[in-house]
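Here is the structure we will look at.
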Amino acid sequence: MIADSHCHAWRRWPYDKSVPDPDHRGSIEALLYEMDTHGVSRASVVCARIGDGAGGVGFGNDDNNEYVANFARKHPDRITAWVDVDCSWRKDHHTPGAVERLRHEIDKNEAKGFTHYVEGKNDGWFRSDEGEEFFATASELHVVASLALSPQWLADLRDIATANPTLPFLLHHMGMPKNTGSGHDQGEVNEILACAKIPNIGVKISGFNYNNSKNFDFPYKESQALFRAIYDAFGPRRIFWASDFPASRDMLTYTQAIEVVRDYCDYLPQSDLSRLLGDNLNDLLNNPVLSTGQFH
């Protein structure tokens, strides 16, 4: 089975108000159509309450958690909601009360996980008393932590993950180290690879367009090199394919998001490819508690 570990859905398009189809372009129906077309059985939808000047200049989506969670209730075998909690575009980002907000969003939306985007510069919040309590509470709630972090945050993440060994952490888009056009910053790549030493940290294999100096240059030679390094460090059980649909649709299609690994990573054994494309996520969604301190 194929399972998508990172995609989005919005009631109205959050990035541009001039599009001719704002009510459909990012809808859950559009996502389900792409999933059906490409044989994708399950998807974890990363909620993002963006738009109207906050995280995007398109239409506002302050109800995105509820929008996705309602569809997850209708399609529990296909859609999983990872709700937006205190992401960087929110006014409550890293302000007091984060633990209560986490509990509220998870409980209200019956969510199986949450997503947390931060600014590029590390503000030290992970090491604060509330930051530590936030992730300890996530562990208690038996959810998945889906994190958009720059490499500047990863040393702190490693400490947090070590302190909460049953909580699975997933890094977005291969960690997105800096790429100046002559290759990725090796220091930042090393920060990502160092996370492989912590068994409850995994990586979403998506964002080939973001990690390449030319975002349109399929099959993304520079990003392929980054993925190979991640695969070699993390192994087959902690990498999770993702489409990033529909945010990435201007640079690659849903088909290309699959084929960039299925057809262009010929070093992957079929068993590892199957784990990457779906088995790993399916195992995680069926049992998000890492009782042994490592992925299933």
Give a residue-ordered list of calculated ³J(HN,Hα) values for the stretch 270-279 (Karplus: 6.51 cos²θ - 1.76 cosθ + 1.60, θ = phi - 60°; whole Hz; x for Gly, Pro). 4, 5, 6, 4, 5, 5, 4, 7, x, 4
Kindly write out, for the stretch 18-28 in residue order, the coupling ³J(HN,Hα) from the Karplus curve 6.51 cos²θ - 1.76 cosθ + 1.60 (θ = phi - 60°), rounded to whole Hz, with x marking Gly and Pro. 8, 5, x, 9, x, 7, 10, 3, x, 6, 5
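For the stretch 7-92, what is Rg from Cα atoms divided by 2.2 N^0.38 Å, rounded to two decimals?
Working: Rg = 12.7 Å, N = 86, 2.2 N^0.38 = 12.0 Å.
Compared with the compact-globule rule of thumb, the stretch 7-92 sits at 1.06.
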How big is the chain in terms of Cα radius of gyration and Dmax, in angstroms? 17.6, 50
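Kindly state, to the nearest 0.05, the FRET efficiency for ASP52 paired with GLN294, given R0 = 35 Å and r defined as their beta-carbon distance.
Working: r = 41 Å, r/R0 = 1.17.
With R0 = 35 Å, the Cβ-Cβ based efficiency is 0.30.
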Set LYS121/LYS204; LYS74/LYS108; LYS91/LYS121; LYS112/LYS221; LYS112/LYS178 screened for pairs whose C-alpha atoms are more than 26 Å apart: LYS112/LYS221; LYS112/LYS178
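Is the shape of the stretch 236-285 best called rounded, prolate or oblate, per the rule: a/c under 1.5 gives rounded, else a/b larger than b/c gives prolate, else oblate, with a ≥ b ≥ c the square roots of the Cα gyration tensor eigenvalues? Can you show the working numbers first?
Details: a/c = 3.13, a/b = 1.38, b/c = 2.26.
Taking the square roots of the gyration eigenvalues as a ≥ b ≥ c, the stretch 236-285 is oblate.
Rounded to the nearest 0.05, what FRET efficiency do GLU140 and ASP23 have when you use their Cβ-Cβ distance and R0 = 45 Å? The partial results should precede the final answer.
Values: r = 38 Å, r/R0 = 0.85.
After rounding to 0.05, the efficiency reads 0.75.
Please rank THR137, THR253, fewest neighbouring Cβ atoms within 10 Å first, as an exposure proxy.
Working: THR137 18, THR253 15.
Exposure proxy ranking, most exposed first: THR253, THR137.
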Segment ASP129-ASP107, length gained on full extension (0.36 nm per residue, minus Cα span): 5.7 nm
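Read-outs: derived from the displayed coordinates by stated rules, not from any lab. All figures in this text were calculated on a predicted structure; none of them were measured in a lab. FYI the Cβ positions are ideal-geometry reconstructions off the backbone, even for glycines, and counts take in every protein chain you see.
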